[in-house]
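Undergrad: Let me give you the structure first, and then I'll get to my questions.
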Amino acid sequence: MQAIVRREAAAFGAEVERDVFGTTVAKIKGSTDRLITFVAHADQVGLFVRGADDNGLLTIARASGWKPEGAWRQRVRIGTADGELRGVVTGEWGTRGPTCESMRVDIGAATGEEALSLVRPGDPIVLAGAPE
């Protein structure tokens, strides 16, 4: 959604900026000193890499207050220092559903050492598309 806002604002001649948190700011110079602000909120379901277990599966933490079952068995994208990496959320569905502690992200790594050569703790994880 924010990519669309940035694209459309730039088409209107706005100076578009994006900060480290993904916040978009678009500035259009006018003929007066008046300032008009449009504010919108755009959450994205997200996780963070916490680490990796011995089997090469990523351990995760929530980035916001959403329910973890929204990510269970979904394809995800991981933003790394070297670019985007794909994975899938795995884990057990307990009597109360999955938790971030019981879920893992499979990126195809065979060991924790291999996984941590591809990602770092704190790397963001988002859904790769609409839930299936």
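Undergrad: Which of Asp82, Asp106 comes first, and how do the rest follow, when ranked by fewest Cβ neighbours within 10 Å? Display every interim value, and only then the final one.
TA: Working: Asp82 9, Asp106 17.
Starting with the residue having the fewest Cβ neighbours, the order is Asp82, Asp106.
Undergrad: Same structure again: Glu17 to Glu84: extension gain in nm, 0.36 nm per residue of separation minus the Cα-Cα distance? The partial results should precede the final answer.
TA: Details: separation 67, 0.36 × 67 = 24.12 nm, distance 2.12 nm.
Once the chain is fully extended between Glu17 and Glu84, it gains 22.0 nm.
Undergrad: Under a crude label model (7 Å from the Cα following the beta-carbon direction), how far is Cys100 from Ser117 in nanometres?
TA: In this crude label model, Cys100 to Ser117 measures out at 2.9 nm.
Undergrad: How large is the helix-only mean residue ellipticity at 222 nm for the chain, computed as the sum of -39500 (n - 2.57) over DSSP H runs with n ≥ 4, divided by its residue count, in deg cm²/dmol to the nearest 500?
TA: Details: 2 runs with 17 residues, N = 132.
Helix contribution divided over all residues of the chain: -3500 deg cm²/dmol.
Undergrad: Only loop residues by DSSP count here, and only those with at most 15 other Cβ atoms within 10 Å; note down the chymotrypsin sites (Phe, Trp or Tyr not before Pro) in the stretch 20-119 that meet that.
TA: On the way: sites: Phe21, Phe38, Phe48, Trp66, Trp72, Trp93; in loops: Phe21, Phe38, Trp66, Trp72, Trp93.
Answer in residue order: Phe21, Phe38, Trp66, Trp93.
Undergrad: Lys/Arg Cβ at +1, Asp/Glu Cβ at -1, dipole of the stretch 1-117 taken about the Cα centre: which of Gly65, Thr95, Gln2 is farthest positive-ward?
TA: Looking along the dipole axis, the top candidate is Gln2.
Undergrad: With θ taken as phi - 60° and the coefficients 6.51, -1.76 and 1.60, list the Karplus ³J(HN,Hα) couplings across the stretch 78-85 in order, rounded to whole Hz; mark glycine and proline as x.
TA: 10, x, 10, 4, 9, x, 8, 10
Undergrad: Looking at the stretch 46-127, I'd like the Rg to Rh ratio, where Rg is from alpha-carbon atoms and Rh is Kirkwood's inverse mean 1/r.
TA: Details: Rg = 11.5 Å, Rh = 12.3 Å.
A ratio of 0.94.
Undergrad: Only sites in a loop by DSSP and with at most 16 other Cβ atoms within 10 Å count here; which trypsin sites (Lys or Arg not before Pro) in the stretch 72-132 make the cut? The partial results should precede the final answer.
TA: Working: sites: Arg73, Arg75, Arg77, Arg86, Arg96, Arg104; in loops: Arg73, Arg96.
Here the sparse-neighbourhood loop sites are Arg73, Arg96.
Undergrad: Another question about this same structure. Top mean-square fluctuation among Gly87, Gly51, Gly108, Gaussian network model of the chain, C-alpha springs under 10 Å?
TA: Gly108
Any read-out appearing in this document is the output of simple, stated calculations on the displayed coordinates, not a laboratory observation. Please read all numbers here as calculations on a predicted model, not as lab measurements. Because the Cβ atoms are built from the backbone with ideal geometry, glycine has one as well, and the counts that use them run over all protein chains shown.
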